[in-house]
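Below is one structure, written out as structure tokens, with a few remarks after it.
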Amino acid sequence: MKTIVYYYSNKGSNRFLAKRIAKDISCEIEEIKPRLNAHLLMMMGINLGNRKLKSNCEDYERVILCGPIWMGKLIVPLKNFIRNNILKINNLVFVSCCGSTFDKKDEKFGHNLVFNEVKKLSGEKCKHCEAFPIVLVLPTELRDDSSAFMKTHLNDQNFKGEMLDIYNEFIINLS
Ligand SMILES: Cc1cc2nc3c(=O)[nH]c(=O)nc-3n(C[C@H](O)[C@H](O)[C@H](O)COP(=O)(O)O)c2cc1C
């Protein structure tokens, strides 16, 4: 299936994840660039739109969209991407390296709320959503420590254990 990965990342974890997916399934990748890349302003809902993409979603059978979650919301650059391109997207898979864990997925800041927003915007085109909680790369005793997980970012050294298991299963399911 001809696929492209689009991603937005502020601190690097979703860039790492997106690049890894594109490498492992040998597909193209493009970064989503907001016109105003100011994390705090975007979180306050200030939205000047995204820069024009180089690629065209229509040319791909499947789009994988990757990015973080802030304050339990679908972030502005990802929302803009879906709104601008939904008519051209054939099949959408949404993935997020996020802070919320599987047991908290339905809480106020949980990833399921964002998955529901993605599904609402993209309807039946959304085939799958997958969360990669960043705490999975931390030792068990630090997983409830919010300052530890906020300082943690995916990299070649920590992308292993439970995180890698979930990732490998995701890649198998993709194909
Ligand atoms: C201000 C802020 C708010 C966040 N809010 C949430 C949230 O509501 N739910 C969640 O799952 N993760 C939340 N996170 C965690 C990020 O989604 C997580 O750190 C992500 O891996 C960052 O991705 P990046 O490195 O690609 O920017 C938040 C992070 C920041 C900085």
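What follows draws every value from the coordinates through simple rules; no lab data is involved. For clarity, every value in this text was computed on a predicted model and none was experimentally measured. Here the Cβ is made from the backbone with ideal geometry for all residues, glycine too, and neighbour counts use every protein chain on show.
Couple of notes before you dig in:
- Looking only at the stretch 11-28, and only at residues there that are touching a residue at least 24 places away in the same chain (Cβ under 8 Å) and within 11 Å of the ligand (Cβ to nearest atom), the one that is surrounded by the fewest Cβ atoms within 10 Å (Cβ to Cβ): G12
- Residues (basic (K, R) and more than 16 Å from the ligand (Cβ to nearest atom)) located in the stretch 50-77: R51, K52, K54, R62
- Flag if I29 is under 16 Å from the mean Cα position of the chain (by Cα), within 28 Å of I172 (Cα to Cα) and assigned to a strand (DSSP E or B): yes
- Restricting the stretch 111-146 to residues that are under 20 Å from G12 (Cα atoms) and of a type in the set (G, A, S), the residue that is surrounded by the most Cβ atoms within 10 Å (Cβ to Cβ): A131
- Tally of residues being under 14 Å from I75 (Cα atoms) and charged (D, E, K, R) across the stretch 36-59: 0
- Residue selected from the stretch 100-131 under the condition of a type in the set (K, R) and out of contact with any His (no Cβ under 9 Å at 6 or more places or on another chain), by the criterion farthest from the ligand (Cβ to nearest atom): K125
- Restricting the first member to the stretch 29-45 and to residues that are closer than 15 Å to W70 by Cβ, and the second to residues that are assigned to a strand (DSSP E or B) and aliphatic (A, V, I, L, M), the beta-carbon pairs closer than 9 Å and six or more apart or on different chains are I32/L65.
- Helices (runs of 4 or more DSSP H) (entirely within the stretch 71-175) containing at least 1 residues that are under 14 Å from the mean Cα position of the chain (by Cα) and within 21 Å of M43 (Cβ to Cβ): 76-85, 111-122
- All told, N47 falls short of being of a type outside the set (V, I, T), within 16 Å of the ligand (Cβ to nearest atom), surrounded by 13 or more Cβ atoms within 10 Å (Cβ to Cβ) and part of a loop (DSSP other than H, G, I, E, B).
- Restricting the stretch 1-17 to residues that are more than 18 Å from K151 (Cβ to Cβ) and aliphatic (A, V, I, L, M), the residue that is nearest to the chain's Cα centre (by Cα): V5
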